[in-house]
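Below: one structure, written as structure tokens.
The values are calculated or read from the model by the stated rules, or taken from the named source; none is laboratory data. Just so it is clear, the model here is predicted, and its values are computed rather than measured. Methodologically, a virtual Cβ is constructed for each residue, glycine included, from the backbone with ideal geometry; neighbour enumeration extends over all protein chains shown. Just the protein is used for accessible areas: all its heavy atoms, side chains included, with ligands, DNA and RNA removed. Shrake-Rupley method; radii C 1.70, N 1.55, O 1.52, S 1.80 Å.
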Amino acid sequence: MIRAFRILLFPFSLLYCLVTSIRNALYNSGIKKSTAYPVPLISVGNLTVGGTGKTPLTELLIKTLTPDYNCALLSRGYGRKTKGPIHAKDDASPSTIGDEPLQIMQKFRDLTVMVAEKRTRGMDYLLQLNPPPKVILLDDAYQHRAVSPGLSILVTDYYRPIYKDFCLPAGNLREPLAGKKRADIIVVNKCPHNLSETEKDKILRKLKPTAQQKVFFSTIGYDYLKSLKSTDTRELFGKENKPVLAVTGIGNPAPFFNHVEGYTKELEKITFPDHHDFSDTDIKKINAKLEKMGPDSIVITTEKDAVRLRHKNLPDSLSKKIWYLPIELKILFNEQNTFIKTVKSYVEENSGNSNVS
């Protein structure tokens, strides 16, 4: 049924491919302006609609660069209910800056976080700060070509490889596969932690990177469960066999569900769309489901969903039963240092000083 529906949508995908190809050609030829800035700009993005793991990669970049540089994050702030450039402050919420920028801001308190649907306006604001940032990370900016990055990182999902996909609406690509040529680095994310060299080589042959592109493979590692109720302490929930209700509002929840299965023999699931803004009705639905599963049942959710749930008016009886899984991206094949060195080399070569804070 789904395949037949996609076939019906194929003509619209051809039109979508044509429109996005013309747009890219206008930027490539200089007819549409792409502004470069005198500061290292690192873009993290994807070709695919839905979660590919950009946020944990962005967090790895922040961890890598903030010890030496005054860094800023510029994001569109997807899902926010505000307009225009906003410099995030302590009173920020998912509705004012978006869930992913807020998640990153809460982890990295010294990071400047800026949201702006027009990236050039956000750039102008950041460069007028005193002092201005020395490195700017552009979140989900692969198709936002009005700002020209110096280093472009493309993230693709191991389970949804771009070379097996097609343009919207029949497929999930935001632009034709040829767009991958703009990337300086390609990261194949969400790989199994034991990915073999043989499969790595097979993916590389299908991905067909250019001679100038560097390709890395990464996996998502999960930390211990943390309590939503007590965010200031490292409260952990052991792997007792409690009934678990897994709640997600992310692009691709399958790897998360696979991991949560290790915590219980009784698992129920509630899924919402990516960046879902939990309503009072949603909260009641989760609470009712949890009560039906018994007094020992708990909720396990994602780190991104926890950011949104924390800003909701949750019953105390529910909030103390919600746990979330922090995640961390790890580069495979002992190439994490190589990845970090590649990023740092770009920043050092394009900064006035190689160690500026």
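Here are some notes:
- Restricting Ser75, Ser29, Ser34 to those that are at pLDDT 95 or above, more than 16 Å from the chain's Cα centre (by Cα) and either closer than 25 Å to Val343 by Cα or open to solvent by less than 40 Å² (accessible area, probe 1.4 Å) (or both) reduces the list to Ser34.
- Selected residue (criterion: surrounded by the fewest Cβ atoms within 10 Å (Cβ to Cβ)) from residues of segment 310-350 that are assigned to a helix (DSSP H, G or I) and aliphatic (A, V, I, L, M): Ile340
- Answer residue from segment 167-185, given it is among the hydrophobic types (A, V, I, L, M, F, W, C) and touching a strand residue (DSSP E or B) at 6+ places or on another chain (Cβ under 6 Å) and is farthest from Leu137 (Cα to Cα) among those: Cys167
- Condition check for Ser317: out of contact with any strand residue (DSSP E or B) (no Cβ under 9 Å at 6 or more places or on another chain) and of a type in the set (Ser, Thr, Tyr): yes
- Just one of the numbered conditions (1) open to solvent by 50 Å² or more (accessible area, probe 1.4 Å); (2) modelled with pLDDT of 95 or more; (3) under 30 Å from Gly294 (Cα atoms) is not true of Arg174: (3).
- Odd one out for Cys17, checked against (1) buried (at least 21 other Cβ atoms within 10 Å of the Cβ); (2) more than 22 Å from the chain's Cα centre (by Cα): (1)
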